[in-house]
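Before any comments, here is the structure.
The values are calculated or read from the model by the stated rules, or taken from the named source; none is laboratory data. Remember, it's a predicted structure, so these values are computed and weren't measured experimentally. Quick reminder, even Gly has a Cβ in these numbers, built from the backbone with ideal geometry, and neighbours come from all protein chains shown. In case anyone asks, the SASA skips ligands and DNA or RNA and just uses the protein heavy atoms, side chains included. Shrake-Rupley method; radii C 1.70, N 1.55, O 1.52, S 1.80 Å.
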Amino acid sequence: MPRFLCLLLAGLIVVMSAPTTRAEVRDFTVASKAFEGNKLGLSGQRRVRVYLPADYETSGRRYPVVYFLHNLFDDEKAAFDRDGFAKLLDRAIAAKTLPSVIVVAADFNTPLGSSVYTSSPVTGRWDDFLAVELVGWTDKTFRTLARRDSRGLAGDRMGGYGAIAMGMRHADVFGAVYALHPVGAGAGLQPMLSRPNFALLQNAKSLDDLKGDGFSQLFTAIFQAHLPNPDKPPLYVDLPARQVDGRLEIDTRQVARLFESFPLDRQVQRHADALKTLRGLKFDWGRNDPNPDHVISDQALSRMLTEFGVPHEAEEYVGGWGDRTWGETGRVYTAMLPFFARTLVVD
């Protein structure tokens with residue numbers, strides 16, 4: 001065999017046998033002190049899933065990080081196992097529409113399906129868990145660009161609420177925020193307290209009594225976050241209304257407390273100056289959401305941000321409740337990842 005053919009064959013064998021680098025998705029458990037003394041018995045051992053780009057093991061570089069907050073009734077695995085998040089990241093990085101990034105998702109669940117991304121004596125100090133412990137653990141464990149302008153915060157629906165709320169409160173930790181179809185942005189058409197079954201809440205003997213009634217679960221989780229009362233088992237909340245003789249009796253003081261704390265548009269005035277320091281703030285929503293309250297409140301949130309002079313992007317698209325989020329034509333790939341490509345600082 002001619003010498004050059006031998007060399008060519010040997011080269012092909014080396015190339016074919018060389019190890020190929022692949023992105024990795026790894027699962028961890030992070031020990032947290034933020035849940036000490038919580039009334040629901042939530043464990044301080046919190047599950048975390050981490051996406052590492054294909055070049056992480058070989059490059060020696062440091063990477064920006066995007067923290068992704070899941071929707072209610074989901075967990076840290078759902079976006080990867082059900083929605084193909086890792087494949088979208090791989091594709092965007094390969095296409096150079098996104099620089100290589102680390103993505104971190106943690107479990108923010110409670111027995112009722114959501115922490116509402118709000119610290120509470122009932123469920124735990126979620127702000128400390130995310131902005132102090134999880135960020136600190138990530139920077140210690142991986143080669144990150146450990147600075148605010150290289151950290152992004154994103155979330156899906158209730159996670160979108162969390163991304164904006166946490167971004168408001170921790171603009172010194174996260175430099176860019178993207179919320180996919182956030183809920184809880186403000187008042188809608190239907191009174192909020194018409195949703196839960198207050199007779200069920202009043203008579204509940206345990207949290208399990210609420211299972212099967214989605215609105216009652218969700219709103220009790222909201223009350224545990226924003227109307228907590230550690231001395232009122234089993235729900236540990238101050239109810240903002242009660243069923244009395246077949247009619248709903250509103251507790252004015254508790255409703256005022258709830259509206260001061262929960263809706264995002266009410267929080268803008270307290271955090272406008274912090275929001276103005278972000279490198280980017282964007283949220284979107286589907287025009288055809290079957291709950292028009294989400295559409296109206298997201299529009300109102302954008303107007304409120306404008307009133308306070310907060311730079312932001314707000315986009316209404318043709319779509320419904322999460323049906324345009326994932327896949328190669330979904331908002332994650334076409335809007336969220338390019339947003340972080342232009343807002344995060346990459347060395």
Checklist outcome for this item: So, first residue under 17 Å from GLY136 (Cα atoms) and among the small types (Gly, Ala, Ser) in segment 163-174, second residue open to solvent by 10 Å² or more (accessible area, probe 1.4 Å) and in a helix (DSSP H, G or I), Cβ within less than 6 Å, six or more apart or across chains; the pairs are ALA171/ALA274
Checklist entry - Which pairs do you get when a residue that is free of Cβ contacts under 8 Å to residues at least 40 places away in the same chain, found in segment 180-209, comes within reach of a residue that is not in a helix (DSSP H, G or I), reach meaning Cβ atoms under 7 angstrom, with the pair 6+ apart or on two chains? => result ASN197/ASP213; LEU200/ASP213; LEU201/LEU235; LEU201/LEU239; ALA204/PRO234; ALA204/LEU235; LYS205/PRO234; SER206/PRO234
Next on the checklist: So, in segment 270-315, how many residues would count as being open to solvent by 10 Å² or more (accessible area, probe 1.4 Å), touching a residue at least 12 places away in the same chain (Cβ under 8 Å) and of a type in the set (Ser, Thr, Tyr)?
Outcome noted: 2
Next on the checklist: For segment 43-87, which positions are part of a strand (DSSP E or B) and over 23 Å from ALA341 (Cβ atoms)?
Outcome noted: GLN45, ARG46, ARG47, VAL48
Checklist outcome for this item: Exactly one of GLY113, GLY160, GLY60 is buried (at least 24 other Cβ atoms within 10 Å of the Cβ) and touching a residue at least 40 places away in the same chain (Cβ under 8 Å), and that residue is GLY160
Item to check | Exclusive hit being within 25 Å of HIS170 (Cα to Cα) and surrounded by fewer than 18 Cβ atoms within 10 Å (Cβ to Cβ), set VAL346, VAL318 | outcome: VAL346
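Hey, can you tell me all the residues within segment 257-269 that are within 20 Å of the chain's Cα centre (by Cα) and open to solvent by less than 80 Å² (accessible area, probe 1.4 Å)?
Residues satisfying the conditions are SER261, PHE262, PRO263, LEU264, ASP265, GLN267, VAL268.
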Item to check | All positions within segment 215-236 that are under 17 Å from MET192 (Cβ atoms), open to solvent by 40 Å² or more (accessible area, probe 1.4 Å) and in contact (Cβ under 8 Å) with a residue 40 or more places away in the chain | outcome: none
Checklist entry - In segment 237-257, what residues are in contact (Cβ under 8 Å) with a residue 60 or more places away in the chain and within 14 Å of THR118 (Cβ to Cβ)? => result VAL237
